[in-house]
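Visitor: Have a look at this one.
Nothing in this text is a laboratory measurement; each read-out follows from the coordinates by a stated rule. The structure presented is a predicted model; accordingly, all values stated were derived computationally and were not measured. All Cβ positions, even for glycine, are placed from backbone atoms using ideal geometry, and neighbour counts span all protein chains on display.
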Amino acid sequence: MSAEPASFASSPVVILVETQMAENVGAAMRAMANFGLRRLKLVNPREPWPNEKAAAMSSGAFRLLEIETVASLEEAVRDLNLVLATTARAHDIAKPVCSPATAAGLLAASIDRGERVGVVFGRERWGLTTDEVGLADQILTIPVDPAFASLNLAQAVVTVAYEWRKVVVGDAAWTPFPEKERSPLAGKDDVLRMFEHLEGALDAVEFFRPPEKRASMVRNLRSIFQKARLTEQEIRTLRGVIAALEGRSTRPTARPYGKALETGPGKDPAGEGTNS
């Protein structure tokens, strides 16, 4: 797996246009920090920054961000080379349209060329105007269900930020921590001894009824446990559980393998009659 990226200094600017609720700004900040975006421009927000409600909603993420307030979108994009405008509506304007995953690749390629890039998000209630979309180089749209295309501002930011994060990490299988090391897979001998212990305990309480069904019931029980691919620790735990149900402090001595499948004199392990 890839290692954790060393730096997120080169990342797209997130531009929020005329936000109405400070809580939405704070939630967007949190989403940015989660996925390695560090630069935020607020265009004429209704509730100015700094703001206690936004700070609280960000869960402290604002401390990781470079935050700037500007008066207009034109001012916000003036120092950028590539700008993507997010919108759920097909504006009457001819521009390339991309998905969040494609956009992340475009942004990364542009940054690799030394360019400055940004993603613009519109107002909570009606998004971006056609003129504002006109300032962008491409349209970025999230493939939501057309039956209900309204997406919360922070949800839109987190969707785009997540796709960006995947590109930066560069390995779709990478996770921040590995699977906890498990106990080794149990050997067949241990598994068979556990079967014999379980079946002996069930015999003691006359679980297998009627007797002629014993062999098929045993096979079904064994099939259940074999699907689990039990570890050595899991086998020990199960043996302890069985012993506790038997009222034992120690495990019984294992019987020779094969005894557990016998159904009585004149029966083979499959439960069929023999000629003996």
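Visitor: Compute the helix-to-body angle for 100-112: its Cα long axis versus the longest principal axis of the chain, expressed 0 to 90° and rounded to tens.
Guide: 60
Visitor: Suppose R0 equals 41 Å. What FRET efficiency, 1/(1 + (r/R0)^6) with r the Cβ-Cβ distance, do Asn220 and Thr102 give to the nearest 0.05?
Guide: The calculated FRET efficiency here is 0.20.
Visitor: Sticking with this one: Suppose the chain between Arg89 and Glu115 were pulled fully straight at 0.36 nm per residue; how much longer would it get relative to their current alpha carbon spacing?
Guide: Full extension from Arg89 to Glu115 adds 6.6 nm.
Visitor: Now a separate question. Using the Kirkwood radius over C-alpha pairs as Rh, can you work out the diffusion coefficient of the chain via Stokes-Einstein at 10 °C, viscosity 1.306 mPa s, in µm² per second?
Guide: Estimated diffusion coefficient is 67 µm²/s.
Visitor: Taking the Cα centre as origin and putting +1 on Lys and Arg beta-carbons and -1 on Asp and Glu beta-carbons, what dipole magnitude results for the chain, to the nearest 20 debye?
Guide: Its charge dipole is roughly 1020 debye.
Visitor: Relative to the longest principal Cα axis of the chain, at what angle does helix 232-246 sit, 0 to 90 degrees, rounded to 10?
Guide: Computed tilt is about 50 degrees.
Visitor: Something else about it: Which GluC sites (Glu not before Pro) does the range 64-155 hold that lie in a coil by DSSP with at most 14 other beta carbons within 10 Å?
Guide: Glu115
Visitor: In nm, to one decimal, how far is the Tyr162 label point from the Leu185 one, both placed 7 Å along Cα→Cβ?
Guide: The modelled label-to-label distance comes out at 3.3 nm.
Visitor: How much length is gained if the chain between Asn34 and Gln138 is pulled fully straight, taking 0.36 nm per residue apart and subtracting their Cα-Cα distance, in nm to one decimal?
Guide: Value of the extension gain: 34.9 nm.
Visitor: Give a quick list of trypsin sites (Lys or Arg not before Pro) in the range 66-164 that DSSP marks as loop, anything other than H, G, I, E or B, with at most 11 other Cβ atoms within 10 Å.
Guide: Arg78, Arg113, Arg125
Visitor: Enter the mean projected area of the convex hull around the alpha-carbon atoms of the range 116-197, in nm², rounded to one decimal.
Guide: 11.3
Visitor: Which angle between 0 and 90 degrees, to the nearest 10, do you get for helix 22-34 versus the longest principal axis of the chain when only C-alpha atoms count?
Guide: Here the helix axis deviates by roughly 60 degrees.
Visitor: In deg cm²/dmol and to the nearest 500, what is the mean residue ellipticity at 222 nm of the chain if only DSSP H runs of at least 4 residues count, each as -39500 (n - 2.57), divided by the residue total?
Guide: Mean residue ellipticity, 222 nm, calculated: -11500 deg cm²/dmol.
Visitor: Please report the spacing between the Cα centers of the range 143-157 and the range 79-96 in Å, no decimals.
Guide: 16
Visitor: Next question. Please identify the longest segment of the chain free of exposed chymotrypsin sites (Phe, Trp or Tyr not before Pro), where exposed means a DSSP state other than H, G, I, E or B and no more than 15 other Cβ atoms within 10 Å.
Guide: Result, exposed sites excluded: 1-125.
Visitor: Something else about it: Where Rh is the Kirkwood radius over the Cα pairs of the range 6-107, the temperature 4 °C and the viscosity 1.567 mPa s, what D in µm²/s does Stokes-Einstein return?
Guide: Approximately 89 µm²/s, per Stokes-Einstein.
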